[in-house]
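These notes are about the structure you will find just below.
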Amino acid sequence: MATKKISERVNLIDTFKDFKETKNIDRTTLVSVIEDSFRSVLQKTYGSDENFDVIVNPDKGDFEIYRNRVVVEDGEVKNENAEISLSEAQKIDKDFEVGEEVSEKVEFAKFGRRAILTLRQTMASKILDLEHDNLYNKYADKVGQIVSGEVYQIWKREMLLLDDEGNELLLPKNEQIPGDFFRKGETARAVVLRVDNLNNNPKIILSRTSPDFLRRLLEQEVPEINDGLITVQRIARIPGERAKIAVESYNERIDPVGACVGVKGSRIHGIVRELHNENIDVINYTNNIKLFIQRSLSPASVSSISLDEEKKKAEVYLQPDQVSLAIGKNGDNIKLASMLTGYTIDVFRELNGEEPDEEDIYLDEFTDEIEPWIIDAIKGIGLDTAKAVLGAPRAMLVEKADLEEDTVDEVLRILKAEFEE
């Protein structure tokens, strides 16, 4: 029986040592957790833990428990946990008198295996909760910041990374840049998008597609941004394809665009490589919304702009040869300009009173073959002749004119047939 008690005690001490050595918890907190765990078991065993002293020394992996009871006359014990009869007290020390307090050491191993198992489970649960709290607080403070992790597991819908402390970080597929390809054991960088904490089980969600990822990369590469000399006012991204950044400096001696791009693009090249050759345009920010829209549509040259500030809409007029530049490949340029400025931008061709190419045909002449609402939708994005439509990207007609792919294909077939005849 003595061997069993010693074994139980050694196991408990080993448990404390394990927590001390493997858990990232400070000594004061560890003592508090262990003491609370003991008190939880004492309360279940005796109905109350108020008259117990629990002394924990995690450095030695040791503990002591004392039960304090008041001495009462024989036959007057009403609460055996809080009171002890005079005769029983005098068996401990013959000098005890009624009213005095008896402090007895309690051998926890005597509580039995179930109590010891309960203690371990309680302690493990409290430690786990504490670890979850620490993890949540750590990463909640890092939302919007870049972190690195080693790729540990790759699944279809997400990728698991481990930080330096072995904490799990999740990078969902929809937060990865198209073209991202990582192997197990490689290091990946991303920004902390959010920290979910359902049932005190924190999940750290990362993102490489967030504008904040690009913002933090700029801060790392451009000292003037990190020092506050240049401010990144707005960012718009189509991850892996193209991005537009609006920057501003209150120091007239600093060219914010030049500082961000660097000599021969030296500063921006590292970011572009990280983002899988994402094409990055840097423009000067301005509060003049017309000028801002004009800059955001670069490299196109804008002739004039009409604004509806209440509806956040802008009608932009350009020479015919500038329309495709303003819209961009697959409509990316105009989409990013809208995202950057916060305005819905409609592009119109400016003919300056001139007639179109003699061989060209106005869309209005196709009303017998193409429904009027479809023609109006196409004209609404600045394309009012057959050749202008045939020269525009198919994807732009689908997205900007908000037409079904089959509808666009039918329109293109009709227009092509006209010129083939």
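The values are calculated or read from the model by the stated rules, or taken from the named source; none is laboratory data. Please read all numbers here as calculations on a predicted model, not as lab measurements. Because the Cβ atoms are built from the backbone with ideal geometry, glycine has one as well, and the counts that use them run over all protein chains shown. These area figures cover heavy atoms from the full protein model, side chains too; ligands, DNA and RNA do not enter into them. Shrake-Rupley method; radii C 1.70, N 1.55, O 1.52, S 1.80 Å.
Please work out, to two decimal places, the log10 of the ratio I(q)/I(0) at q = 0.16, 0.20, 0.24, 0.29 Å⁻¹ from a Debye calculation in which every Cα of the range 224-273 carries one identical scatterer. The Debye formula, applied to the Cα set alone, gives -0.48, -0.73, -0.99, -1.21.
Bridgeable aspartates and glutamates around LYS44 (alpha carbons under 14 Å apart, same-chain partners fewer than 8 residues away excluded): ASP36.
Projected label points at LYS173 and ASP308, each 7 Å from Cα along the beta carbon direction, are separated by 4.0 nanometres.
Spatial offset of the range 140-166 relative to the range 268-287 amounts to 24 Å, using the alpha carbon center of each.
How many percent of the alpha carbon pairs in the range 62-161 exceed a separation of 22 Å? Result: 63 percent of Cα pairs exceed 22 Å.
Which entries in LYS379/LYS416; LYS244/LYS379; LYS173/LYS329; LYS312/LYS416; LYS329/LYS416 show an alpha-carbon gap greater than 29 Å?
Values: LYS379/LYS416 18 Å; LYS244/LYS379 27 Å; LYS173/LYS329 25 Å; LYS312/LYS416 36 Å; LYS329/LYS416 21 Å.
Flagged as over cut-off: LYS312/LYS416.
Determine, from the Cβ-Cβ distance of ARG273 and ASP321 and an R0 of 25 Å, the FRET efficiency 1/(1 + (r/R0)^6), rounded to the nearest 0.05. The calculated FRET efficiency here is 0.15.
Averaged over residues, the count of other Cβ atoms within 10 Å places the peptides 103-110, 185-192 in the sequence 185-192, 103-110, highest first.
For the chain, the Kirkwood estimate of hydrodynamic radius, built from reciprocal distances between every pair of different alpha carbons, is 28.3 Å.
Computed over the range 147-300, the alpha-carbon pair-distance distribution with 10 angstrom bins reads 10, 36, 30, 17, 6, 0, each value a whole percent.
If eta is 1.002 mPa s and T is 20 °C, what Stokes-Einstein diffusion coefficient results for the range 371-421, Kirkwood Rh from Cα pairs, in µm²/s?
Details: Rh = 10.8 Å.
Taking Rh from Cα pairs, D becomes 199 µm²/s.
Adding -39500 (n - 2.57) for every DSSP H run of four residues or longer, then dividing by how many residues the chain holds, sets the calculated 222 nm ellipticity at -12000 deg cm²/dmol. The distance separating the Cα centre of the range 364-395 from that of the range 178-219 comes to 42 Å. About its Cα centre, the dipole of the range 285-421 is roughly 1240 debye, where the only charges are +1 on Lys and Arg Cβ and -1 on Asp and Glu Cβ.
Report the FRET efficiency, 1/(1 + (r/R0)^6), for TYR152 and SER125, where r is their Cβ-Cβ distance and R0 is 30 Å, rounded to 0.05. Working shown, then result.
Working: r = 26 Å, r/R0 = 0.86.
The value I calculate is 0.70.
Given R0 = 30 Å, the distance between the Cβ atoms of ASP409 and THR344 translates into a calculated FRET efficiency of 0.70. Near the amide H of GLY262, within less than 5 Å, lie the amide hydrogens of ARG267, all on another chain or at least 5 residues away, with H placed in the peptide plane.
Using a 1.4 Å probe and counting only protein heavy atoms, arrange LEU390, LEU171 so the residue with the most accessible area comes first. Show your work: numbers first, answer last.
Numbers: LEU390 60, LEU171 0 Å².
If we order LEU390, LEU171 from most to least accessible, we get LEU390, LEU171.
When the charge dipole of the chain is built from unit charges on Cβ atoms (+1 for Lys and Arg, -1 for Asp and Glu) and taken about the Cα centre, the candidate among GLN176, VAL70, GLN145 whose Cα reaches farthest toward its positive end is VAL70. Using C-alpha pairs below 8 Å separated by at least 6 residues, the relative contact order for the range 42-134 is 22 percent. If the segment from ILE361 to LYS142 were pulled out straight at 0.36 nm per residue, it would be longer than the present Cα-Cα gap by 73.0 nm.
At full extension, GLU101 and ASP196 could sit 29.1 nm farther apart than now, given 0.36 nm per residue minus the alpha carbon distance.
Under 5 Å from the amide H of VAL282 lie the amide H atoms of ILE245, each residue being 5 or more positions distant or on a separate chain, with H modelled from the backbone and absent for Pro and chain starts. Principal-axis analysis of the Cα atoms of the chain puts helix 2-22 at an angle of about 30° to the longest axis.
What is the dipole size for the chain, taken about its Cα centre, with +1 at each Lys and Arg Cβ and -1 at each Asp and Glu Cβ, in debye to the nearest 20?
Details: 56 positive and 83 negative charges, 430 e Å.
Approximately 2060 debye in magnitude.
Straight-line reach from LYS156: taking Cα to Cα under 14 Å and skipping same-chain neighbours fewer than 8 places apart, the aspartates and glutamates in range are GLU175, ASP180.
Taking 0.36 nm per residue of separation and subtracting the Cα-Cα distance, full extension of the segment from LYS184 to ASN134 would add 15.3 nm.
Would you mind calculating the relative contact order of the range 277-413 from Cα pairs under 8 angstrom and at least 6 residues apart, reporting the percent as a whole number? Let's see the in-between values first.
Numbers: 167 pairs, mean separation 26.2, N = 137.
With pairs under 8 Å counted, the relative contact order is 19 percent.
The mean sequence separation of alpha-carbon pairs under 8 Å and at least six residues apart, normalised by the residue count of the chain, gives a relative contact order of 7 percent.
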